[in-house]
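Engineer: Here's a structure for you.
The values are calculated or read from the model by the stated rules, or taken from the named source; none is laboratory data. What you see is a predicted model, and the numbers here were worked out from it, not measured in a lab. Please note that ligands, DNA and RNA were not included when accessible areas were found on the heavy atoms of the full protein model with its side chains. Shrake-Rupley method; radii C 1.70, N 1.55, O 1.52, S 1.80 Å.
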Amino acid sequence: SYALDAVRQFVDTLREAEGFQSGDLIVETTLDQTAQRAAERAVARRAAAIGAGAQGAMVALDPRTGDVRALVGGRAYGERYTRGTFNRALKARRQ
């Protein structure tokens, strides 16, 4: 998923910078699996309702802590609509 790709990219950067070997690192996230699935369905449904080429993104935060609970960077991860793995939630320019 887009969320896990973002985590993997951060971990890979950290491993390279700090010289960690495979297995030296335990990663815990604040992602909520139920919220993640719901966010993915919501973005896919709304984009489909708008049109075949429509895209979307969503980030769900816990307002008390600021924890990221769900992150969706496009309509369908790994499918033809995504135009690669461009993560709109993290990389798209905003108005």
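Engineer: Only Cα pairs within less than 10 Å get springs; with that Gaussian network setup on the chain, which residue of Asp62, Asp24, Asp32 has the largest fluctuation?
Structural biologist: So, out of Asp62, Asp24, Asp32, the one fluctuating most is Asp24.
Engineer: Can you give the relative contact order of the chain as a percent, counting alpha carbon pairs under 8 Å and 6+ residues apart?
Structural biologist: That works out to 27 percent.
Engineer: Among rounded, prolate and oblate, which fits the chain when a ≥ b ≥ c are the square roots of the eigenvalues of its C-alpha gyration tensor, a/c under 1.5 means rounded, and a/b larger than b/c means prolate?
Structural biologist: Values: a/c = 2.30, a/b = 1.64, b/c = 1.40.
Verdict is prolate for the chain.
Engineer: Right, something else. Once neighbouring chains are kept in place and the probe is 1.4 Å, which whole percent of the accessible area of the chain is contributed by carbon and sulfur?
Structural biologist: C and S atoms contribute 50 percent here.
Engineer: Can you give the angle from 0 to 90° between the axis of helix 33-50 and the longest principal axis of the chain, with both taken from C-alpha atoms, to the nearest 10?
Structural biologist: The two axes meet at around 30 degrees.
Engineer: Hey, another quick one. Looking only at Gly74, Gly53, Gly19, which one moves most when the chain is put into a Gaussian network model with springs between Cα atoms under 10 Å?
Structural biologist: Of Gly74, Gly53, Gly19, the most mobile in the Gaussian network model is Gly19.
Engineer: Right, something else. Just to make sure I understand: if all protein chains stay in place, what is the order of Val27, Val7 by accessible area at 1.4 Å, largest first?
Structural biologist: Putting Val27, Val7 in descending order of accessible area: Val27, Val7.
Engineer: Quick one: among Ala70, Ala57, Ala38, which has the greatest mean-square fluctuation in a GNM of the chain with alpha-carbon springs under 10 angstrom?
Structural biologist: Of Ala70, Ala57, Ala38, the Gaussian network model singles out Ala38 as fluctuating most.
Engineer: Enter the angle in degrees (range 0 to 90, nearest 10) between the Cα long axis of helix 2-18 and the first principal axis of the Cα atoms of the chain, meaning the one along which they spread out most.
Structural biologist: Compared with the principal axis, the helix lies near 20 degrees.
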